[in-house]
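Report on the following structure.
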Amino acid sequence: MSLVPAYAIPDNLPAPVTSGATIQSFTDVWGDVWVAKNGVNGGRWKRARDAIYAKWFRNAAISIAGAAVLTLDTMTKDDYGLYSAAAFTVPVAGWYDVVFQLAVTATATGQWCSARINVNAALQGIMRAHSGAAAAISATCIQQLAFNAGDTVNAVAEASVSLACTPLVYWTYATLQYRGTG
């Protein structure tokens, strides 16, 4: 963590990014990581911990059976385009908070769902919820993980039997947020 006040802007930031389609990064003299992307914020640089955040949710109805990567279809916030093709792509190395919540409607006692976080196709976290009756249940997996630039993060949904997913922004969603270099 930097000892420099949050409002301090170094005088050696590069010029705004005006070409290309990828996120550019820059580490200042205090060790803070900055990001910029052509077409985002006029290409101006922003501190990565203030800017790299994405939240996507499932809006369309879907049934969950077995285990599969869940495609999130609606963006709440993703200024830098971190999510596509059912995965978040990590733009800069460092520590991130990852949250995946899966909500389903159980039709009987003993059914379950699980929310799994996979990184580069390997399991990194799992949370399971069991039904005590026919009712809505949800599992929320929260992880703090260190990533390399280019790592991919998937939300994997699983259910014991075919269960209707509860869509909408506060029921079935995933977030990725940069925390810092660690």
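The values are calculated or read from the model by the stated rules, or taken from the named source; none is laboratory data. These figures come from a predicted structure and were not determined experimentally. Note that we place each Cβ from the backbone using ideal geometry, even for glycine, and neighbour counts take in every protein chain shown.
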From the option list Ala135, Ala155, single residue qualifying as within 24 Å of Thr76 (Cβ to Cβ), among the aliphatic types (A, V, I, L, M) and touching a strand residue (DSSP E or B) at 6+ places or on another chain (Cβ under 9 Å) is Ala155
The one condition in (1) in the same structural domain as Ala136 (by TED's automatic domain parsing); (2) touching a helix residue (DSSP H, G or I) at 6+ places or on another chain (Cβ under 8 Å); (3) aromatic (Phe, Trp, Tyr) that Trp56 fails to fulfil: (2)
Residues of region 39-55 being touching a residue at least 24 places away in the same chain (Cβ under 8 Å) and in a loop (DSSP other than H, G, I, E, B), which ones? Arg44, Trp45, Ile52
Kindly establish whether Leu163 is more than 15 Å from the chain's Cα centre (by Cα) and in the same structural domain as Ala108 (by TED's automatic domain parsing). yes
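Per-residue answers, yes or no, for (1) surrounded by fewer than 17 Cβ atoms within 10 Å (Cβ to Cβ); (2) among the basic types (Lys, Arg); (3) over 30 Å from Ile137 (Cβ atoms):
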| residue | (1), (2), (3) |
| --- | --- |
| Asp32 | no, no, yes |
| Ala51 | no, no, yes |
| Ala54 | no, no, no |
| Phe57 | no, no, no |
| Ser63 | yes, no, no |
| Ala85 | yes, no, no |
| Val99 | no, no, no |
Test Leu145 against the criterion of being closer than 23 Å to Thr27 by Cβ and not small (Gly, Ala, Ser), and give yes or no. yes
